[in-house]
Structure formats: C-alpha cells, structure tokens
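Read the structure below first, then the notes.
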Amino acid sequence: MTQARPTTPDALSILAQPGTPIVAELAVAFAVCVTKWATRRRTRLALSRLEPWQLSDVGLTPEQADTEASRVFWRV
C-alpha cells in the first residue's frame with residue numbers, strides 16, 4: 001500500500017486563482033472529503049484489531065478504543 005503525500009495549502013493555491021472552474025474546486029473538495037473518510041475508516045479498523053498491550057502503549061484503554069472504533073467514518 002502506498003501513502004499519499006499530504007497536500008499543502010500551497011499545492012492547492014492554484015484553485016484559489018480567479019478563473020478556476022467551479023467544477024475543479026468541487027472535485028478537489030470531494031476528493032479531500034473522501035480521502036479523510038477512507039483514512040478514518042482504515043485507522044479505526046486498525047484500532048479495533050490492536051491487542052490490549054498495544055493499546056496501553058498508545059495510551060488508550062480497551063473501552064476507549066472500542067468507542068472510537070465503533071464510530072462511523074463520516075463522524076469526527
């Protein structure tokens with residue numbers, strides 16, 4: 001699996017220029033939203049698979065991990 005490079009505000013600054021098609025702005029906003037959702041889903045799934053000793057290493061209790069892992073991906 002490859003990791004996407006984080007997009008800096010400078011990389012997206014081209015969309016703020018006058019004359020940028022609204023469709024381009026909407027497409028980028030949609031892609032950002034879907035990427036955030038996918039990341040949340042993937043990390044919450046991984047969190048649900050951690051052993052109690054691993055959760056302890058990251059400072060979480062099993063109850064906290066279960067609460068977070070059970071949240072739907074579109075919720076922050």
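Structure summary
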{"item": "All positions within segment 28-76 that are hydrophobic (A, V, I, L, M, F, W, C), loosely packed, with under 13 Cβ neighbours inside 10 Å, within 30 Å of A16 (Cβ to Cβ) and more than 10 Å from the chain's Cα centre (by Cα)", "result": "A29, F30, A31"}
{"item": "Selection count, segment 13-46, where residues are over 30 Å from V58 (Cβ atoms) and part of a helix (DSSP H, G or I)", "result": "13"}
{"item": "T7 vs. criteria modelled with pLDDT under 95, within 19 Å of the chain's Cα centre (by Cα), not in a helix (DSSP H, G or I) and not hydrophobic (A, V, I, L, M, F, W, C)", "result": "yes"}
{"item": "Pair list, Cβ < 6 Å and 6+ apart or interchain, from segment 38-61 residues that are touching a residue at least 24 places away in the same chain (Cβ under 8 Å) to residues that are surrounded by 11 or more Cβ atoms within 10 Å (Cβ to Cβ) and in a helix (DSSP H, G or I)", "result": "R44/A69"}
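The values are calculated or read from the model by the stated rules, or taken from the named source; none is laboratory data. Not measured: the values here are computed from a predicted model. Every residue, glycine as well, gets a Cβ built from its backbone with ideal geometry; the counts of neighbours run over all protein chains shown.
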